[in-house]
Every structure is written in C-alpha cells, then in structure tokens.
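Working notes, structure below.
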Amino acid sequence: MRYLFILIIAIPAAEIGLLLFSGKTLGVWPTLLLIILTGVVGAYLAKREGLQTIRKARVQLQNGHIPGEALLDGICILVGGILLLLPGFITDIGGFFMLFPPTRRAIKFLMINSLRKKIQRGNIKIIK
C-alpha cells in the first residue's frame, strides 16, 4: 500500500515541483524542449533495445533455451520506455536506468532476488 501512495501521490507531486523549478530557472521553452527531447531519445532507445532483446530471445528459443533473461530485459525496456514518455525529469531518470544495459543488469538482479524471496516465503507458487 505504501508503494501505491508513492506512485500515485508523491512522484507526480515531486515531478510538478521539479518542472516548476526548472521552468523558473531555465525558462519555459528550454524546459519544454528538454521534456520533448527526453521523450524522443527515450522512444529511440526503447525501440533499439527492444529489437535487440527480441533478436536475443529468438536465438535462445532456436537453441532450445527458455528466454528468461530476455523476458526480464523486455519488461525493463517496456517500463523504461513508458517512464520516458511520461513528462517529468524523475520518471525520465528512472526510464533511462531501465533502458541502459549496465543499469538494467542491476535492476534485473533486484527483480530476480525479489521474486526468489517471494517464492521462498510462499507468496508465489510454482506449479510443475
């Protein structure tokens, strides 16, 4: 429940405050150009990384492997692309972290550890 509060209330409020500060400091037009630029760059990066991940998943499937890591990459790229399309600097930083492969590795590591803990606690059950 506390994460829902952060997602719905705190992050948009911080984004608005940061956008107002940026508009006052840099000016309205440079702030708007920065928002548009991060959206365009984010869409390009998401497309490039997404296509690369699809190719990697195809190769893994052709070799008879389950593309687990490619699926986690795909989830990170999807969320990162969505965050970059949202207006605001905080979501842009989060989106870039999810799109760049070095930082995405760290995020995937956290995702895997979180899933492992939930499986060990019995919150998630795997049926074979």
Between the helical axis of 68-85 and the dominant principal axis of the chain, each derived from Cα atoms, what acute angle in degrees is found, rounded to the nearest 10? 10
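Can you tell me how much longer the chain between T103 and L85 gets when fully stretched, taken as 0.36 nm per residue apart minus their C-alpha distance, in nm with one decimal?
4.6 nm
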The extension gain from L32 to I6, computed as 0.36 nm times the residue separation minus the Cα-Cα distance, is 6.9 nm
Degrees separating the helix 11-25 axis from the principal Cα axis of the chain, which is the longest one: 40
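Mind giving me the FRET efficiency for N123 and R48? R0 is 35 Å, r the Cβ-Cβ distance, nearest 0.05 is fine. It would help to have the intermediate numbers written out before the result.
Working: r = 35 Å, r/R0 = 1.00.
With a Förster radius of 35 Å, E is 0.50.
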For the chain, compute the orientation-averaged projected area of the C-alpha convex hull (one quarter of its surface), in nm². 9.7
Integer Hz, Karplus 6.51/-1.76/1.60 couplings in order for the range 94-110, x for Gly and Pro: x, x, 5, 4, 7, 8, 6, x, x, 6, 5, 4, 5, 5, 5, 4, 5
Mean-square fluctuation maximum in Gaussian network of the chain, Cα pairs under 10 Å, restricted to L18, L61, L72, hits L61
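Since every read-out is calculated from the coordinates, none of them should be taken as a lab result. As the structure is a computational prediction, the values presented were derived from the model and not from experiment. Cβ atoms come from the backbone with ideal geometry, glycine included; neighbour counts cover every protein chain shown.
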